[in-house]
1. So what's region 22-75 giving for Rg/Rh, alpha carbon basis, Kirkwood Rh from the mean inverse pair distance?
2. For region 8-156, what is the charge dipole size about the Cα centre, in debye to the nearest 20, if Lys and Arg each add +1 at the Cβ and Asp and Glu each add -1 at the Cβ?
3. Using alpha-carbon pairs under 8 Å, 6+ residues apart, how would you state the relative contact order of the chain in percent?
4. Taking 4 °C and 1.567 mPa s as the conditions, I'd like the Stokes-Einstein D for the chain in µm²/s, using the Kirkwood hydrodynamic radius from alpha carbon pairs.
5. How large are Rg and Dmax for region 167-259 when only the alpha carbon atoms are used, in Å?
6. Using +1 on the beta carbon of Lys and Arg, -1 on that of Asp and Glu, and nothing else charged, what's the dipole of region 143-185 about the Cα centre, debye to 20?
7. Give the range of the longest stretch in the chain that excludes all GluC sites (Glu not before Pro) found in loop regions by DSSP and having at most 11 other beta-carbon atoms within 10 Å.
8. If region 8-156 were replaced by its equivalent ellipsoid, with semi-axes equal to the square roots of 5 times the Cα gyration tensor eigenvalues, what would those be, largest first, whole Å?
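We did not get these values from a lab; they are worked out from the coordinates using the rules stated. Keep in mind that what you see is a predicted model, and the values were worked out from it rather than measured. Here Cβ is always computed from backbone atoms with ideal geometry, including for glycine, and neighbour counts include all displayed protein chains.
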Amino acid sequence: MASTTRPRLGVWKFASCDGCQLSLLDCEDELLAVAGRIEIANFAEATSAFAPGPYDLSLVEGSISTPHDAERIREVRAQSRRLVTIGACATSGGIQALRNFGNVDEFRRIVYARPEYIETLARSTAIADHVPVDFELRGCPINKRQLLEVIAAFLQGRRPTVPTDSVCIECKRRGTVCVVVARGTPCLGPVTQAGCGAICPAYDRGCYGCFGPQDTPNTAAWSRRLRELGMRPDEIARIYRTFNAAAKPFRLAAEAAPSGDP
């Protein structure tokens, strides 16, 4: 007789804003269907009910920013058959990874009246820097349709189908005029992974790189183009240091920008 036991889902938060977890709750029309196929065993954003592991699938939002985080993510990994990281914080360290380029002790001294009470790591790092990860879902926040695809894929025992090409492809598909060609607007679309639907270019703004580097980002060539558009080296470094500042291609591009190196 076939088992009627539903796969068990755990949703976990580390250093983050909760936006990617809310993307799951934003699946209003699909949420009941999802809940009918899986048992939501742990999801503090949605319910205080908690069922102990193990879990068939864990979705992890947020970066590792404290010693306690580093210990807890190992516990989550040990309880999870499959672990998927969701969002820029979990996949690259997020906005909080900007600390990686400064002196954390100095930040702590300036911001907090009693810095000795603040327990933090010098760097904000991705989940994959600490434990094995089965799949990374990019975005700040993630695309809810892509999230549903990831959940469905793991329920069906297959690899998720999520595009890894650039935001420029999305602009072409929706018929959006290129803001770089038409207006000379700085944009990270050519080096950023698709997934947002090219929202910013559709409103005459350059892409901010919310979904992180695409699969083959030529950041050296694009940095040269940004200089041709009149951007100063410090401005180029700054545009790479946003939601995915610590993602390797963006980090190296920002480091190279002041010197003009490729």
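1. On the way: Rg = 13.1 Å, Rh = 13.0 Å.
Radius of gyration over Kirkwood radius for region 22-75 works out to 1.01.
2. Numbers: 16 positive and 20 negative charges, 53 e Å.
Dipole magnitude for region 8-156 comes out near 260 debye.
3. On the way: 495 pairs, mean separation 42.7, N = 262.
Rounded, it is 16 percent for the chain.
4. Numbers: Rh = 19.6 Å.
For these conditions, the coefficient is 66 µm²/s.
5. 12.1, 37
6. Values: 8 positive and 3 negative charges, 19 e Å.
Computed about the Cα centre, the dipole is about 100 debye.
7. Values: sites that count: Glu28, Glu119.
That would be 120-262.
8. Here the semi-axes work out to 29, 15, 14 Å.
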